[in-house]
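Undergrad: Just passing along the structure, written as structure tokens.
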Amino acid sequence: MDKLIMTPGPTYVHEEVRDELKRPITNPDLDLSFYDFYKETCEEIKDLLNTKNDVIMLSGEGILGLEAACASLIEEGDKVLCIENGIFGEGFGDFVQMYGGEVNFFHGDRRRGIDIEKLGEYLKHNNNFKVATLVHCETPSGITNEIEEICKLLSSYGIITVVDAVSSIGGEKLMVDEWEIDVVLGASQKCLSAPPGMTFLSISDRAYDVMKSRKSKIRGFYLNLMIWQGWYEKKWFPYTQPISDIRGLRRAVQRNLMDEKVIERHEEIAEACRRAIKASGLELYAENCHSNTVTTVLIPEGVQWSDLNIKLQEKHHVLLAGAFGFLKDKVFRIGHMGENCKVGFMVEMMKALNDSLKELGADLKCELHHEFLKYI
Ligand SMILES: *Cc1c(COP(=O)(O)O)cnc(C)c1O
């Protein structure tokens, strides 16, 4: 089991976080100090997101946050703009439709970040949307969209913005208030390097106004973001909180906040990784807007992902990720996010990747791990 996991989530969980998980628990509904603990955790997440907006945490993986945002904001017949240049952006459309929204896609080039000029042109003629959905880091493609410009643009038309930042929070700059993002959602197991199982959202007053002025009731209880209103004053949670997971997440958030150079380190390691990949003759999937948390690489000719996966796991004890959907068997992905974004882990992984590819007959122009270190 003890493999080096270098996947774009779940990531390596630090001992300090694991220590939180094994502490004795209290009754989170009845122990009044837990309400303060929960509130302080939300305050720290606000710092992470650079927002004064309300923050809540839900027990469930990132998809729960995404679905809860759609279920709470969207009702029958709402016009929704789904901006997509990859699997998660496109998938948002399914959730919008599930809750009765009328989906209008803005399709971007799948190997590039969303083109702001083209989006601006499109919005000049089509802007009658209640909500827009978009993805900060398209994890399968290794592309980080320029959401600052996109959200400000959408906001100028009064469109509510919902951003999936699951794989970027903690590793890429994110200024929720300054960039006018109404709802942003994240998860525990990506860049924050806590175990899977928690999602959190920040919600603007504008977004709450939309939920309050719905014509129909929000379908569902667990997905209803409004049920949290006044939880602290009422000393009431909608359901029993996963106290150990919340403690783990809080420690992970604190570790990220204490690390003053965290964004710079992601930039430096991601850049060194990309340069080594290119120098070896391998090709990056993304043509611009490269993610600093995940690098997506085309599988070289003559190599099968299934063989590379087995070689990496069984001979070198390293886990990398393949991909799914339209990228299945075409690319592999290196996660260098959160606790995994360390030179030592990277060198070990790059050596395993280098040796595995060579053993499978790929022709590399350099030693990946040596090349990587040249740029650090
Ligand atoms: C990981 C991730 C999610 C959550 O998806 P899972 O498949 O449940 O892990 C949502 N959005 C993005 C962009 C992600 O990277």
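Undergrad: Exactly one condition in (1) under 23 Å from the mean Cα position of the chain (by Cα); (2) part of a helix (DSSP H, G or I) is not met by Ile56; state its number.
TA: (2)
Undergrad: I'd like the full set of residues that are in contact with a strand residue (DSSP E or B) (Cβ under 7 Å, 6 or more places away or on another chain) and within 15 Å of the ligand (Cβ to nearest atom), limited to segment 193-213.
TA: Residues satisfying the conditions are Gly197, Met198, Thr199, Phe200, Leu201.
Undergrad: Being acidic (Asp, Glu) and either in contact with a helix residue (DSSP H, G or I) (Cβ under 7 Å, 6 or more places away or on another chain) or at pLDDT below 95 (or both), is that true of even one residue in segment 344-365?
TA: Yes.
Undergrad: I need every pair where a residue in segment 164-175 that is touching a residue at least 40 places away in the same chain (Cβ under 8 Å) and more than 12 Å from His266 (Cα to Cα) has its Cβ under 7 Å from the Cβ of a residue that is near the ligand (Cβ under 10 Å from one of its atoms) and of a type in the set (Ser, Thr, Tyr), sequence separation at least 6 or different chains.
TA: Every condition considered, the pairs that remain are Ser167/Thr139; Ser167/Thr293; Leu174/Ser168.
Undergrad: Could you grab me the full set of residues in segment 145-163 that are surrounded by 24 or more Cβ atoms within 10 Å (Cβ to Cβ) and either without any contact (Cβ under 8 Å) to a residue 24 or more places away in the chain or within 11 Å of the ligand (Cβ to nearest atom) (or both)?
TA: Asn145, Val163
Undergrad: Condition check: without any contact (Cβ under 8 Å) to a residue 24 or more places away in the chain and β-branched (Val, Ile, Thr). Does Ile277 satisfy that?
TA: No.
Undergrad: Kindly indicate whether Gly142 is under 22 Å from the mean Cα position of the chain (by Cα), among the small types (Gly, Ala, Ser) and either buried (at least 19 other Cβ atoms within 10 Å of the Cβ) or within 16 Å of the ligand (Cβ to nearest atom) (or both).
TA: So Gly142 fits the description; yes.
Undergrad: Do the conditions hold for Leu66, that is, is it crowded, with 23+ Cβ neighbours inside 10 Å, among the hydrophobic types (A, V, I, L, M, F, W, C), in contact with a strand residue (DSSP E or B) (Cβ under 8 Å, 6 or more places away or on another chain) and not in a strand (DSSP E or B)?
TA: yes
Undergrad: May I pose another question? Are any residues in segment 232-252 assigned to a helix (DSSP H, G or I), out of contact with any Leu (no Cβ under 6 Å at 6 or more places or on another chain) and in contact (Cβ under 8 Å) with a residue 40 or more places away in the chain, and if so, which ones?
TA: Result: Tyr232, Ile243, Asp245, Ile246, Arg247, Leu249, Arg250, Arg251.
Undergrad: Has segment 214-228 got at least one residue that is without any contact (Cβ under 8 Å) to a residue 24 or more places away in the chain, over 14 Å from Val55 (Cα atoms) and not β-branched (Val, Ile, Thr)?
TA: yes
The values are calculated or read from the model by the stated rules, or taken from the named source; none is laboratory data. This one's a predicted model, so the numbers in the text were calculated from it and none came from an experiment. No Cβ is skipped: glycine too gets one built from the backbone with ideal geometry, and neighbour counts run over all protein chains shown.
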